[in-house]
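A short write-up of the structure that comes next.
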Amino acid sequence: MISIKQIDEAFIGFRDAVVGSPNLCPKNKELIALSSSAIVDCQPCVELHYKGAVAAGATAGEIAEAIALAQAVASGKIKIKTNDYITKVQGSPVAIGKIDDAFGGFRNAVVGSPNLQPKIKELIALADAAIIDCQPCVELHYKGAVSAGASEGEIAEAMALAMAVASGKIKLKTNQYLAGLEK
């Protein structure tokens, strides 16, 4: 039978392999992990990767933009799912008017922000889209990453960072639950 200690050790090995991968610079790794941490609502992860991003030289603008990308991707998924639901119920999509316009303005502000290069924006958005299982978003941001010059290795590393963050959050929660059961 596998123990929690063995699972923890396996996770640490996976995380270390991702962190040690040579495709992305430390700053971009931290920005991707920070955005992924925000989108999965892992406060300890956000704190860890915020500090890591600062230590790696990320500016306040880059950090804010990385977090805003998480907001934009999450909002985009909700918008897509809402339109899908309305179409199924009513037989056709219904324009939400001002809400659609406001979302478009928000998305354009994030995409148009000058703090991050287009390639890292797309890699962050791709990782976030994968972590929340938004297939249309994954397709859009995969194409965007490729168009912005991301290599296969950079794309794989961004996706692996999202997996590591998601796994890390579950690892933290599992350890908290188990500690509570042992009391």
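Cβ-Cβ contacts under 9 Å between residues 6 or more apart (or on different chains), taken from a first residue in region 105-116 that is more than 11 Å from Ala68 (Cα to Cα) to a second residue that is among the acidic types (Asp, Glu) and assigned to a helix (DSSP H, G or I), are listed as Pro114/Glu65; Asn115/Glu62; Asn115/Glu65; Leu116/Glu62; Leu116/Glu65.
Do we have any residue at all in region 137-149 that's touching a Leu at 6+ places or on another chain (Cβ under 6 Å) and aliphatic (A, V, I, L, M)? Yes, that holds for at least one residue. Which of the residues that make up region 127-183 are of a type in the set (Ser, Thr, Tyr) and part of a helix (DSSP H, G or I)? Listed by number, the residues that qualify are Tyr142, Ser147, Ser167, Thr174, Tyr177. Cβ contacts < 9 Å: first residue without any contact (Cβ under 8 Å) to a residue 60 or more places away in the chain and closer than 19 Å to Lys119 by Cβ, restricted to region 27-54; second residue in a helix (DSSP H, G or I) and among the aromatic types (Phe, Trp, Tyr), any location; separation 6+ or different chain. Result? Between residues of region 27-54 that are without any contact (Cβ under 8 Å) to a residue 60 or more places away in the chain and closer than 19 Å to Lys119 by Cβ and residues that are in a helix (DSSP H, G or I) and among the aromatic types (Phe, Trp, Tyr), the close pairs are Glu30/Tyr50; Leu34/Tyr50. Applying the set (1) among the acidic types (Asp, Glu); (2) surrounded by 12 or more Cβ atoms within 10 Å (Cβ to Cβ); (3) farther than 22 Å from Val40 by Cα to Glu152 leaves exactly one unmet item: (2). Being within 23 Å of Lys27 (Cβ to Cβ) and touching a residue at least 60 places away in the same chain (Cβ under 8 Å) is a description that does not apply to Cys137.
Computed from the coordinates by the stated procedures, all read-outs in this text should not be read as laboratory data. None of these values were measured; they are calculated from a predicted model. Cβ atoms come from the backbone with ideal geometry, glycine included; neighbour counts cover every protein chain shown.
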